[in-house]
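The values are calculated or read from the model by the stated rules, or taken from the named source; none is laboratory data. No experiment lies behind these values; they were computed from the predicted model shown. Note: ideal-geometry Cβ built from the backbone for every residue, glycine included; neighbour counts use all protein chains shown. Ligands, DNA and RNA are stripped out before the accessible areas are found, and what is left, the full protein with its side chains, is counted by its heavy atoms. Shrake-Rupley method; radii C 1.70, N 1.55, O 1.52, S 1.80 Å.
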Amino acid sequence: MTHFLKTAWRAGVLVALAFVAVSAGRASVDDAQSFALQAAEPYVKEGFQVREDYWGGDLGSGEKKAVRQQLFKGNEYWFWLGTEVEAAKVSVHIYDSEGKLAEMPDSWQKGHFAAAHITPKNTGSYFIIVEIEQSPEERTHWALVYGFR
Amino acid sequence: MIPFAKIPKLTIAVIAALSLPAQAAEAPKHVDVKQLSKKVEDVVVPLPNEVFGALNKLGGVNWREYVRNDKGANFTERPRIALLLGAVIADGFIAVQAEDAPTVKEIGQRVLNLSKAIGVSSSITAHAKAITDAADRRNWASVRQELDRTQNSVQQAMNEVHDEKLSQLVSLGGWLRGTEVLTAVVTKRYSEEGSELLHQPDLLNYFETRLQSMPEFNLKLLQDIHAALVEVRPLIDVGDAHIPAASVKKINDITTRLGDAITKKTP
């Protein structure tokens with residue numbers, strides 16, 4: 001019985017630790033999303049509808065991730081990238097299906113925020129490439145949101 | 001989401017960072033797409049109102065013609081409910097384009113009923129109320145936002161209980177209804193700019209692949225949709241060429257047929 005209780009206790013502690021670890025990981029991506037949404041906020045006032053859906057994950061310094069996105073000619077899009085790691089430097093860029101840089105020159109990068117702007121010349125698939133350029137963390141959470149009008 | 005107590009710190013950090021001088025984002029002018037494709041996430045399915053917005057800018061759309069009031073059948077099969085749910089949310093976006101408040105409110109209620117039928121209603125009740133409230137105020141931007149939130153909440157609830165495939169069917173139902181209306185509008189008043197909005201081959205690939213991974217949903221409707229997507233592919237995958245009026249009409253026939261099958265019980 002004592003052996004059973006000890007085993008049950010250890011299992012309980014392991015489950016609790018796993019739960020805390022998962023929650024902590026999720027919270028960081030959610031934090032990154034909050035920063036991305038904060039970067040988007042001024043654009044909402046300009047009539048951009050920000051999608052509820054977002055992409056997120058974690059990357060090491062110098063690592064990139066690409067997201068494929070269907071864009072429609074006639075719409076205007078902004079993509080906002082954020083991370084909760086304030087000392088990090090991030091970037092986001094938009095390429096067309098041929099791999100040609102397609103974003104507008106007012107796209108910007110400010111520390112742990114970045115944004116890319118496009119009015120697509122053609123309807124079709126585009127690649128949104130996010131990068132953690134520098135970070136003091138081994139892995140840096142990121143989140144990308146987008147809006148259109 | 002982040003705890004409320006963290007918000008002031010977050011706001012300060014955002015203000016501090018955004019007050020830094022913006023750097024023009026320097027990037028390579030060209031990337032190797034083939035190399036890139038190894039680390040590409042799945043294509044993101046646009047909301048129906050993204051294409052409706054682009055279509056609207058071409059002018060001359062009488063959205064009231066495309067508002068659908070048909071309540072649709074009551075299904076018990078969850079994949080069928082998921083498809084219908086996506087289509088009904090797309091109908092919500094059409095009713096918003098038409099600024100038809102009574103239909104928007106009915107759709108809010110239908111979304112809630114379908115969410116209950118599929119077991120994800122707990123997070124939808126508040127959205128359904130918000131849709132009704134915003135429609136009463138004729139605040140169309142808020143209705144659009146709430147419809148997006150509704151779809152997102154439904155899909156998140158499905159993903160949390162590992163019903164990702166149902167979540168994908170919600171997207172598919174919305175995409176099919178959006179494509180049905182897009183092709184109806186362009187058929188009525190053909191223009192190359194309008195037909196270009198159908199240039200979505202990666203989305204077609206995405207849905208085809210997803211449908212192939214659902215053998216457990218042994219439904220004839222899903223097999224019919226898959227066959228229809230195969231039929232549509234050569235019509236929209238035309239590279240730099242224009243999609244002709246005849247192809248737009250054919251896609252409309254196909255998606256209208258599927259739309260009927262999604263909303264109605266077959267004998």
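In the stretch B:37-93, the qualifying residues are those that are outside any loop (DSSP other than H, G, I, E, B) and of a type in the set (Ser, Thr, Tyr), and the one that is farthest from residue A:68 (Cα to Cα) is B:66.
Before we move on, is residue B:68 closer than 27 Å to residue B:225 by Cβ and either open to solvent by 40 Å² or more (accessible area, probe 1.4 Å) or modelled with pLDDT of 95 or more (or both)? For residue B:68, the condition - closer than 27 Å to residue B:225 by Cβ and either open to solvent by 40 Å² or more (accessible area, probe 1.4 Å) or modelled with pLDDT of 95 or more (or both) - is met. Within this structure, residue A:130 passes the test of being of a type in the set (Val, Ile, Thr), more than 8 Å from chain B (Cβ to nearest Cβ) and either assigned to a loop (DSSP other than H, G, I, E, B) or open to solvent by less than 10 Å² (accessible area, probe 1.4 Å) (or both). In the stretch A:103-112, is there at least one residue being in contact (Cβ under 8 Å) with a residue 60 or more places away in the chain and under 16 Å from the mean Cα position of the chain (by Cα)? Scanning the stretch A:103-112 turns up at least one residue that is in contact (Cβ under 8 Å) with a residue 60 or more places away in the chain and under 16 Å from the mean Cα position of the chain (by Cα). Restricting the stretch B:245-267 to residues that are among the hydrophobic types (A, V, I, L, M, F, W, C) and open to solvent by 30 Å² or more (accessible area, probe 1.4 Å) leaves a set whose member that is nearest to residue B:223 (Cα to Cα) is B:246.
Matching residues to (1) farther than 19 Å from residue B:29 by Cβ; (2) at the interface with chain B (Cβ under 7 Å from one of its Cβ atoms); (3) among the polar types (S, T, N, Q):
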| residue | (1), (2), (3) |
| --- | --- |
| A:78 | yes, no, no |
| A:112 | yes, yes, no |
| A:120 | no, no, no |
| A:126 | no, no, no |
| A:141 | yes, no, no |
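Among the candidates B:104, B:96, B:51, the residue that is open to solvent by less than 20 Å² (accessible area, probe 1.4 Å) and at the interface with chain A (Cβ under 8 Å from one of its Cβ atoms) is uniquely B:51.
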